[in-house]
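Chemist: Mind having a look at this structure? Questions to follow.
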Amino acid sequence: MRHTRSLALASALTAALALSGCGADLDPADDGAKGADKKTVVERCGEPVPYKVPRRAVVYEGGSADKLFSLGLTEHVHGYVMPPANPPVSESPWASEYAKVKMLSDDLLNKELVVEAESDFVVAGWNSGFSDQRGITPKILDKLGIQSFMHTESCFNYPGHPQKVTPFKALYSDLERLGKIFRVEEKADRVVGDLKKRVAAVEARAPEAKDGKRVPVFLYDSGTDQPFTAGSQVPPNDIIRSAGGRNIFDGLDERWTQVTWEAVTKAEPEVVIIFDYGDQPAKKKIEFLKKSPHTKELPAVKKNNFFVLDYNEGISGPRNIDGLEKFGKYLRGLEG
């Protein structure tokens, strides 16, 4: 589903601190300036955080951008950071919204970029956009007066304030929390309500379990010596379950994780989901699975039961439900 420039950074940090001190006093386009400046307490993972309405959001990857665009918040987004693994934004349902904001970088998220953008709000996941190793965390941004928001799904292993929420519920929670931060609660309720209806429609048509057993599904992200796959705490687990299948690693209380080929073989998956992204194209992964002695005899491989899941349908964001609808249709097609 990855230099230090002391003088420039010092000056940029000063600009950011000035922004945090006076930027919130700028009048917004509408006449609700005082309401916008009033802080609303919303949880960031398990930590209550006071937020003012952001005006220069920086979003990392498609899932973050999609969440804000789906809530009609394009005018609050200054720009996005989109590493090469992400599919082109032109393929997004919100392609026209991406075109209205700046692409800030095609590299990983970093503190210098956020400061130079004079951002007042950063949306990313833990251990993807935010990272101790790369020196950009919510705590660091707090000290700079820059607000931040983390995907609830990624809070599972956030130090200090972890949260364990099933992936689809985490998606709904993010949209509701962002709705509160930006004061668009009614819009968020409508968006979440629509997503829930779409999920319920797929679940209502899911194939019936045979002998009490659902179709076993293996998600293949990457790896040759050992496979990288989805545990129970990432969106593909809920996609598989709601569509009527069973993630063969749903018993792993993990997010994205490494397993063994022996464990895959033992589970005898009937379907393989190929997680498709930039530097790991689906075609090459399928070719590998068909040739590898570990996998070429798997029921799914012998039957050519491969389903390709787009990167932005597998990371936390509204497109999870697009992926669910497609996979649900695929599973129903296997019944015949």
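The values are calculated or read from the model by the stated rules, or taken from the named source; none is laboratory data. Just so it is clear, the structure is predicted and the values come from calculations on it, not from any experiment. Reconstructed Cβ throughout: ideal geometry from the backbone, glycine too, with neighbour counts over all protein chains shown.
Chemist: Got a number for residues in segment 300-335 being acidic (Asp, Glu) and in a loop (DSSP other than H, G, I, E, B)?
Modeler: Qualifying residue count for the region: 1.
Chemist: Criterion first (in contact with a Gly (Cβ under 8 Å, 6 or more places away or on another chain) and surrounded by 14 or more Cβ atoms within 10 Å (Cβ to Cβ)) does Leu171 satisfy it?
Modeler: Yes.
Chemist: Could you look through segment 81-121, keep only residues that are hydroxyl-bearing (Ser, Thr, Tyr) and part of a loop (DSSP other than H, G, I, E, B), and pick out the one that is modelled with the highest pLDDT?
Modeler: Ser119
Chemist: Output the number of residues of segment 127-152 satisfying the condition of being under 17 Å from Gly63 (Cβ atoms) and either modelled with pLDDT under 95 or part of a loop (DSSP other than H, G, I, E, B) (or both).
Modeler: Residues meeting the conditions: 5.
Chemist: Can you name every one of the helices (runs of 4 or more DSSP H) wholly within segment 187-299 that holds 1 or more residues which are surrounded by fewer than 20 Cβ atoms within 10 Å (Cβ to Cβ) and either out of contact with any Leu (no Cβ under 8 Å at 6 or more places or on another chain) or not assigned by TED's automatic domain parsing to the domain that holds Pro84 (or both)?
Modeler: Fully inside segment 187-299 and qualifying: 261-267, 282-291.
Chemist: Could you check segment 16-44 and list, in sequence order, the residues that are modelled with pLDDT under 95 and either of a type in the set (A, V, I, L, M, F, W, C) or not assigned by TED's automatic domain parsing to the domain that holds Pro93 (or both)?
Modeler: Ala16, Leu17, Ala18, Leu19, Cys22, Ala24, Leu26, Ala29, Ala33, Ala36, listed by residue number.
Chemist: Which of the following residues is within 21 Å of Glu185 (Cα to Cα) and surrounded by fewer than 24 Cβ atoms within 10 Å (Cβ to Cβ): Glu75, Glu112?
Modeler: Glu75
Chemist: Any residue in segment 194-203 that is within 19 Å of the chain's Cα centre (by Cα) and under 30 Å from Pro293 (Cβ atoms)? Can you show your working first?
Modeler: The first filter runs over segment 194-203 and keeps only residues within 19 Å of the chain's Cα centre (by Cα), leaving 194-196, 198-199.
Filter once more, so that each one left must be under 30 Å from Pro293 (Cβ atoms): none.
Looking through segment 194-203, none of the residues is within 19 Å of the chain's Cα centre (by Cα) and under 30 Å from Pro293 (Cβ atoms).
Chemist: Only one residue in Val123, Val81, Val89 is within 23 Å of Glu185 (Cβ to Cβ) and hydrophobic (A, V, I, L, M, F, W, C). Which one?
Modeler: Val123
Chemist: Could you check segment 182-234 and list, in sequence order, the residues that are among the hydroxyl-bearing types (Ser, Thr, Tyr) and closer than 15 Å to Gly314 by Cα? It would help to see each step written out before you state the result.
Modeler: So the first thing to find is which residues in segment 182-234 are among the hydroxyl-bearing types (Ser, Thr, Tyr), and the list is 220, 222, 224, 229, 232.
Result: Tyr220, Ser222, Thr229, Ser232.
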